[in-house]
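Visitor: I have a structure I would like to understand better, so I am pasting it below and will then ask my questions one at a time.
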Amino acid sequence: MSDEKLTPRSQDFSAWYNEVVQRAELADYAPVRGCMVIRPYGYALWENLQRELDRRFKATGHKNAYFPLFIPLSFIQKEAEHIQGFSPELAVVTHGGGEQLAEPLVVRPTSETIIGHMFKQWIKSYRDLPLLINQWANVVRWELRPRLFLRTLEFLWQEGHTAHATEEEAEEEALRMLNVYVDVAQNEAAIPVIAGRKSESEKFAGALRSYTIEAMMGDRRALQAGTSHNLGQNFAKAFEIQYLDKNNQLQYCWTTSWGMSTRMIGAIIMTHGDDQGLILPPRLAPIQVIVVPIWRSGSEDEKAKVLEGVERIKRALGERVRLEIDAREEYSPGWRFNEWELRGVPLRIEIGPKDIQKNQVVLARRDTKEKLAISQDQLAERVPMLLDEIQKNLFERAKKFRDENTVELSDYAKFKEFMEGEGSRGFVRAYWCGARECEAKIKEETKATTRCIPFEQPKTQGRCIYCGKDAKEQAIFAKAY
RNA sequence: CGGAGAGUGGCGCAGUGGCAGCGCGCUUGGUUUGGGACCAAGAGGUCGCCGGUUCAAAUCCGGCCUCUCCGACCA
């Protein structure tokens, strides 16, 4: 561990991000380019996110299963758009057991194809529907420019895959799961998101429609934090997922898929972090409260009293919050304060000789840096309340930041000016006619892409920011990760 | 793949031909402890790899590899 300060976010956001990830011990670089090791602290954060997602998946009727890592190459090729979208980033196994394989195997970039293959075996009748499956898995995409958590060659995620009798049911499912992502992002990760539809060019390879939640990071760039796809009958037709309806007619299923990944950890870091380091939302923080006891050496009596105080804190809070104690004598209090701030623990409790005398403790909030003294008798009541308040404050703060950096524009010259330069100045809401050409030109000229067409639209209509033709809807434009 | 930068103890770096160093971290002992403590003694290196020049190469020359950042691609 180094004593040096982090690179300030304003100076170099990327450098800040990489330093935070490594120094907070979330992850480390692996010996293979583009791969990372998720360390225990980072993995604990992932487990908390997993738990919240999994709980909601089960509550909406989904069951977990597991499908193989290897997919026959021919499967990927069955859906035309799918192969086009994914072929540049496939990892392909050509040899096994010392022999060249008769058919190469693809390391899954996503599992629509192999799951489609299995769904065909499992679905015969309308009585088998809907089929609601989720899997927790790793996937591999051979990305050109990796970034810790945001874009690694291998990443962890969940992928939901469902099959339905009707288009309406599939659509309803895709939107239901997007709402689960909205709920988890906003209420657990404290990240405000904009939910909407992806444009044709930004949608998932092989989908009928893609839905997304988009978040603004601390450098004002956009990050796609979760997606849900209505796959129509594209995969059902490619994999012959068919059922007999009530009238004994053979019908193709309507399928969906949806995913959220370890990228969310990157989103949490970049949404809430500051120049001191990480700030974790209490609901997901592996450690919600860190207790830092303080005493003078040479006084065993004082030390014993402080440690008794620590025991009282543990008794009051141990069952209610995720609490750890840092009683390392080899580090000064100041060092320990900085360390736990770097690692983003939402609330710190300081307890020393002065507090013992007054029967109090000092609480230090990570989000506002405020310190306040409370009576030890109030711990069980006040600490959970304070954690809730921190959770709420992080969300409100991020929302305010996003809103302050979102503008509505109707003039393309102003749009270009807004997007000028290396960094990002934020989100632009603008009317867009929906034409692929306008979208492509805007991207070429400004590097901004359509992030989504938000569900929430103004009542009025307008003119396309690029071509000036009539436009029914607004889109969010931004430079994205 | 295009552009930029970097490879020297765990980390950050200095070292432009002549004994491989500094700061932090690590170990041991001691003194400390309310915002990144101090003293002392230690451990730790085939200087990214291969070849060449030279009495002598971390340093000069040639080739290769890797990583990071910026772009195209993407959860």
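The values are calculated or read from the model by the stated rules, or taken from the named source; none is laboratory data. Given the structure is predicted, the values throughout are model-derived calculations rather than measurements. Positions of Cβ are generated from backbone atoms using ideal geometry, with glycine treated the same way; all protein chains shown enter the neighbour counts.
Visitor: Among the residues of the stretch A:233-248, are any part of a helix (DSSP H, G or I), away from RNA strand B (no atom under 16 Å from the Cβ), assigned by TED's automatic domain parsing to the domain that holds A:Q22 and free of Cβ contacts under 8 Å to residues at least 60 places away in the same chain?
Guide: So far as the stretch A:233-248 goes, yes, one or more of its residues are part of a helix (DSSP H, G or I), away from RNA strand B (no atom under 16 Å from the Cβ), assigned by TED's automatic domain parsing to the domain that holds A:Q22 and free of Cβ contacts under 8 Å to residues at least 60 places away in the same chain.
Visitor: Could you please find all residues in the stretch A:196-223 being surrounded by fewer than 21 Cβ atoms within 10 Å (Cβ to Cβ) and under 24 Å from A:P88 (Cα atoms)?
Guide: A:S199, A:E200, A:S201, A:E202, A:K203, A:A205, A:L208, A:R209
Visitor: Here's something else I'd like to know. Within the stretch A:357-366, work out how many residues are under 42 Å from the mean Cα position of the chain (by Cα) and more than 6 Å from RNA strand B (Cβ to nearest atom). Full working, then the answer.
Guide: Taking the stretch A:357-366 and keeping what is under 42 Å from the mean Cα position of the chain (by Cα), we get A:359-366.
Applying the additional criterion that residues be more than 6 Å from RNA strand B (Cβ to nearest atom) yields A:359-361, A:363, A:365-366.
Residues meeting the conditions: 6.
Visitor: For A:W258, all conditions in the list (1) among the hydrophobic types (A, V, I, L, M, F, W, C); (2) in the same structural domain as A:I356 (by TED's automatic domain parsing); (3) under 19 Å from the mean Cα position of the chain (by Cα) hold save one; what is the number of the exception?
Guide: It fails just one condition, (2).
Visitor: Would you point out which residue out of A:R365, A:R322, A:R348, A:R328 is among the charged types (D, E, K, R), surrounded by 20 or more Cβ atoms within 10 Å (Cβ to Cβ) and under 30 Å from A:R9 (Cβ atoms)?
Guide: Answer to the selection: A:R348.
Visitor: Sticking with this structure for a sec: Inside the stretch A:326-341, can you point out the residues that are within 23 Å of A:T271 (Cβ to Cβ) and more than 6 Å from RNA strand B (Cβ to nearest atom)?
Guide: Selection gives A:W340 alone.
Visitor: Okay, moving on. For the stretch A:412-427, which positions are touching a residue at least 40 places away in the same chain (Cβ under 8 Å) and either assigned to a loop (DSSP other than H, G, I, E, B) or out of contact with any Lys or Arg (no Cβ under 9 Å at 6 or more places or on another chain) (or both)? Steps first, please.
Guide: Of all residues in the stretch A:412-427, those touching a residue at least 40 places away in the same chain (Cβ under 8 Å) come to A:412, A:415, A:419, A:423-427.
Of everything in the stretch A:412-427, those that are touching a residue at least 40 places away in the same chain (Cβ under 8 Å) and either assigned to a loop (DSSP other than H, G, I, E, B) or out of contact with any Lys or Arg (no Cβ under 9 Å at 6 or more places or on another chain) (or both) turn out to be A:Y412, A:F415, A:G423, A:S424, A:R425, A:G426.
Visitor: Just to be sure, is A:V407 touching a Leu at 6+ places or on another chain (Cβ under 9 Å), within 19 Å of A:V193 (Cβ to Cβ) and either assigned to a loop (DSSP other than H, G, I, E, B) or not polar (S, T, N, Q) (or both)?
Guide: Here the answer is no, as A:V407 does not meet what is asked.
Visitor: Looking only at the stretch A:1-22, which residues are of a type in the set (K, R) and either over 22 Å from the mean Cα position of the chain (by Cα) or near RNA strand B (Cβ under 8 Å from one of its atoms) (or both)?
Guide: Going residue by residue through the stretch A:1-22, those that are of a type in the set (K, R) are A:5, A:9.
Once the filter is applied, which keeps residues that are of a type in the set (K, R) and either over 22 Å from the mean Cα position of the chain (by Cα) or near RNA strand B (Cβ under 8 Å from one of its atoms) (or both), the stretch A:1-22 yields only A:K5.
Visitor: Every residue in the stretch A:368-396 that is more than 17 Å from A:K314 (Cβ to Cβ), touching a residue at least 40 places away in the same chain (Cβ under 8 Å) and buried (at least 17 other Cβ atoms within 10 Å of the Cβ), please.
Guide: Those that are more than 17 Å from A:K314 (Cβ to Cβ), touching a residue at least 40 places away in the same chain (Cβ under 8 Å) and buried (at least 17 other Cβ atoms within 10 Å of the Cβ): A:I390, A:Q391, A:L394, A:F395.
Visitor: Would you check which residues across the stretch A:190-215 are free of Cβ contacts under 8 Å to residues at least 40 places away in the same chain, closer than 21 Å to A:K443 by Cβ and more than 13 Å from RNA strand B (Cβ to nearest atom) and list them?
Guide: Within the stretch A:190-215, A:R209 is the sole residue that qualifies.
Visitor: In the stretch A:241-273, what residues are touching a helix residue (DSSP H, G or I) at 6+ places or on another chain (Cβ under 9 Å) and among the charged types (D, E, K, R)?
Guide: Answer for the stretch A:241-273, where residues must be touching a helix residue (DSSP H, G or I) at 6+ places or on another chain (Cβ under 9 Å) and among the charged types (D, E, K, R): A:D245, A:K246.
Visitor: Checking A:L144 against (1) crowded, with 17+ Cβ neighbours inside 10 Å; (2) without any contact (Cβ under 8 Å) to a residue 40 or more places away in the chain; (3) farther than 16 Å from A:S257 by Cα; (4) of a type in the set (A, V, I, L, M, F, W, C), which test does it fail?
Guide: Checking A:L144 against (1) crowded, with 17+ Cβ neighbours inside 10 Å; (2) without any contact (Cβ under 8 Å) to a residue 40 or more places away in the chain; (3) farther than 16 Å from A:S257 by Cα; (4) of a type in the set (A, V, I, L, M, F, W, C), the one that fails is (1).
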